[in-house]
1. Please list, ordered by residue number, the helices (runs of 4 or more DSSP H) wholly in region A:7-125 having 1 or more residues that are of a type outside the set (Val, Ile, Thr) and in the same structural domain as A:Leu160 (by TED's automatic domain parsing).
2. Return the total of residues in region A:108-167 being farther than 15 Å from A:Ala317 by Cβ, open to solvent by 10 Å² or more (accessible area, probe 1.4 Å) and within 16 Å of ligand 2 (Cβ to nearest atom).
3. Provide a single number: the residues in region B:167-202 that are polar (S, T, N, Q), farther than 28 Å from A:Phe147 by Cβ and open to solvent by 20 Å² or more (accessible area, probe 1.4 Å).
4. B:Lys345 passes all but one of (1) open to solvent by 10 Å² or more (accessible area, probe 1.4 Å); (2) within 16 Å of ligand 2 (Cβ to nearest atom); which number fails?
5. Could we say that A:Gln145 is at the interface with another protein chain (Cβ under 7 Å from one of its Cβ atoms) and within 22 Å of B:Glu163 (Cα to Cα) here?
6. Against the definition (open to solvent by less than 10 Å² (accessible area, probe 1.4 Å) and either more than 20 Å from the chain's Cα centre (by Cα) or of a type in the set (A, V, I, L, M, F, W, C) (or both)), how does B:Val297 come out, yes or no?
7. Any idea how many residues of region A:291-311 are surrounded by fewer than 18 Cβ atoms within 10 Å (Cβ to Cβ) and in contact with a strand residue (DSSP E or B) (Cβ under 9 Å, 6 or more places away or on another chain)?
Amino acid sequence: MPSRFAESRSRISDLTLDEAFQTAKKLFEDLSFGYATDWKSEQQNRRIVGFLPIYVPREILHALDMLPVGLFGAGDKIPVVRGDAYFQSYICHLPRTVIEMALNDSLKDFDAFLFPAICDVIRNLSGIFQLTYKDKLVRFLDFPQNFQSAVGGVFYRHELERLAADLGALNGKSLSTDALNHSIGLYNQNRALLKDLSNFRSSYPHKLSAADHYLILRAGQVMTVEHHNAYVERILELLPSVEAIEADKIRVVVSGSFCEQPPLGLIRTVENAGCYIVDDDFQLGLKWTEGDIPDKTEDPVGALVNAYLNNSTFSSAVYDGDNPKEISLERQVREHRADGVIFCAPSFCDPALLDRPILEKAMERKHIRHIGFQYHENLGQFHVVKEQAGTFADMIKLWD
Amino acid sequence: MSVQKENSMVKQKQMLADHFMALSEAPMTGRKVCYTFVPGNLTELITAFDMLPVYPEINSLQSGMRQRSRDFIREAEDAGYSEDVCSYVKCDIGMMLQGNIGPTDQQLPPPDLLLLSYTGCFVFMKWFENLRHLYPKAEIAMLHIPYQADGKVEPSAIEYIKEQLRTEVIPKFEKVAGRKIDDAVLAQCMNRSAMAEDLLINVFESARHRPSPIDAYFGGVYYIGPIFTSFRGSQACVEYYEELWKEVQERVALKLGPITPDGTFTEKYRLVVEGPPNWTNFRDFWKLFYEHGAVFVGSTYTRVGGVYDYGFRHSAEDPLKSLAEYCMGCYTNRNLPQRIDLIEKFIKDCDADGLVINSIKSCNSFSAGQLAMMRDIEERRGIPVGFIETDLVDPRYYSYSNIKNRLDSFFQMLEQRKELVGKAVLVS
Ligand code: SF4
Ligand code: SF4
């Protein structure tokens, strides 16, 4: 029997769109991470590294023969039995399902976990993992909030080198310039393909639903980058021939869902209620770096550092000193010819919710319409969302 | 009934009154005003530049104590801040939106410098970004403090902080002050801080006595006031702690327990506490403990603005390095295992009977992970742990009856354990 990893890699060049979406859905629903486990079992030195939202430099992991796997919670796909005994009711939902997966052995084949510095919950979750997994590498990854290369850059380089050394100790590998350059090239390609996909989606939202687009991106948090590149390329070949009629819907940017993920049902509901989601921050980490990172340099770690300092997208987790995020959001709205913004954040999410008043005011100043709501990853009822998104769409259609 | 006042309390009250007066007069006197946060505060630098600090969290907690926070929070929620986010932020922003009238009913001046020293909590960054929008004319300095994720301070983190101080923070101070830093004045401030910190630790360690002469939580918030807020590095701060230490020594000699709003009481249970207190019902909350004869002999909240228990003191030898080490060491900038270690140290050093965790709805920095910490402590020490939930300044999340019920059961557990331990001692 072929492994799940091998099975989903085979026949990429003759995949149909339906099959491609099915592949993504299967990966999305597989909370035992069979793809990753199978990939690991094929070679002795391979390791699986789970990481929390938003961004980690996956290039480094790839260059060390490790599979980065994004841990975005489990939505409503598992009952939370023990997770609630770890987190009080006023803490967002994502860490509950992450710890639930840790305790029910879904993550047993993982060798390391990375916790990027984005909020206090993720940070302290790293401590819970330290207490829970005494035999695995648990690393909190600090990102500089100072963007001077001689200051924040020096610090970040050290963080990355330390990370590479700690990870390399797991399989006896060390980071080589060639391997890292090669990995950077593959991820450049991945970001370029995802940008093409996002542009296609923005231009022809009726040909690729927001939910399918989302699943294709989510697949990129599990698949090897080589596989995901081939997979997205195949989808891009197939999409133009999709026959569909554009509906009379407004175009919206969704903002605030960069960590705990909205349920698929919510994404579908927004779209069915009359709003084409033409851009969003659901899987922000995949497009964290804007543009290519040099991939033929003597100093690829330095290239990653520079990319982080100078070419990162905007986010609630990053201090926006000289680069106010409201201006970036406005630009996003303009670039995608959006009619409005839906601020859609997880309940109890400090970073997203504390940004919201700033962003809302900025949208008002620019006469960009907006609405906002909150969700849990395991939300099951969407009529309120349907009502709000529907009214928003009607209002814009009526007055514009 | 008012709390019985000791000299140190009177002194502290006067220091605060003078400080707020100086703030209200700042537009006339021309003294520069620096808004900054408590954990990882750079008071020595602020003092060295003769600026006046404003701590938004302190304003929020004062608003909570003065029953103003409900209004301020509503104002902020009306302005778009979610019910779900930290109430300190909302209380502060609400206060600003209502004219920035501070705890002494005087208007607080706007900041000349917004100094974000960003330690142990990501909300500070968001809070700061919001303040920046409210005060577009203020000069801005940002100091990012890495987290002690692996339970140790990486030398690269110290270098990073020093470089930020050298290239970003101090130049901003100099710009606002209109003059260069005076190294001799900074050194003097650092030395005075160290003296005050020695005395503060003496006071906290006095809780090892039986009865404990202090309450390290409810009383502790008074004791840390000057260290946390505007005065560390000043002579007045040293003098305050000298006075306090003298009083505490007298209490030890007389075998007196701490003073409460209802006078003194007989110590029955010795507790350690994790998490900040509730401010809106501060006395009620305190009473729930002392009416059971419970005294806090250790508290983590009083370490949020600096952990001095392992020997760290500000030092004039390499001031920037010392400031960096101070920032890295603040309580919530330590990882969960380190936080547990500190709690365990308090339990052991003070021979505590139990642990209380006050889980604050607003504060993920403290609260996320407390349930795991609780289990770990129970396993390590086998002592009862009481888990209660309140908020800092949002009165909607203070439920007297819930807290009382939980504490009643906790005290029953403590009682049973005391009986068991007593019997075991008799048998042996
Ligand atoms: S949803 Fe928000 S608060 Fe929760 S872990 Fe993610 S960023 Fe942190
Ligand atoms: S979350 Fe906690 S530490 Fe952070 S600002 Fe709010 S009260 Fe302070």
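The values are calculated or read from the model by the stated rules, or taken from the named source; none is laboratory data. Only a predicted model underlies this, so the values are computations on that prediction, with no experimental measurement involved. No Cβ is skipped: glycine too gets one built from the backbone with ideal geometry, and neighbour counts run over all protein chains shown. In case anyone asks, the SASA skips ligands and DNA or RNA and just uses the protein heavy atoms, side chains included. Shrake-Rupley method; radii C 1.70, N 1.55, O 1.52, S 1.80 Å.
1. On the way: elements: A:17-29, A:34-41, A:58-63, A:94-103.
Passing ranges, in order: A:34-41, A:58-63, A:94-103.
2. Total meeting the criteria: 0.
3. Step one: list which residues in region B:167-202 are polar (S, T, N, Q), which gives B:167, B:188, B:191, B:193, B:202.
Now narrow it down to the ones that are farther than 28 Å from A:Phe147 by Cβ: B:188, B:191, B:193, B:202.
Restricting the remaining residues to those that are open to solvent by 20 Å² or more (accessible area, probe 1.4 Å) gives B:188, B:191, B:202.
Residues in region B:167-202 being polar (S, T, N, Q), farther than 28 Å from A:Phe147 by Cβ and open to solvent by 20 Å² or more (accessible area, probe 1.4 Å): 3 in total.
4. Going through (1) open to solvent by 10 Å² or more (accessible area, probe 1.4 Å); (2) within 16 Å of ligand 2 (Cβ to nearest atom) one by one, B:Lys345 breaks only (2).
5. Numbers: at the interface with another protein chain (Cβ under 7 Å from one of its Cβ atoms): yes; within 22 Å of B:Glu163 (Cα to Cα): yes.
It is true that A:Gln145 is at the interface with another protein chain (Cβ under 7 Å from one of its Cβ atoms) and within 22 Å of B:Glu163 (Cα to Cα).
6. Numbers: open to solvent by less than 10 Å² (accessible area, probe 1.4 Å): yes; either more than 20 Å from the chain's Cα centre (by Cα) or of a type in the set (A, V, I, L, M, F, W, C) (or both): yes.
Yes.
7. 1
Per-residue answers, yes or no, for (1) of a type in the set (Asp, Glu); (2) within 16 Å of ligand 2 (Cβ to nearest atom); (3) more than 14 Å from every other protein chain (Cβ to nearest Cβ):
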| residue | (1), (2), (3) |
| --- | --- |
| A:Glu260 | yes, no, no |
| A:Thr269 | no, no, yes |
| A:Asp280 | yes, no, yes |
| A:Trp288 | no, no, yes |
| A:Asp292 | yes, no, yes |
| A:Lys296 | no, no, yes |
| A:Pro300 | no, no, yes |
| A:Asn310 | no, no, yes |
| A:Ser328 | no, no, no |
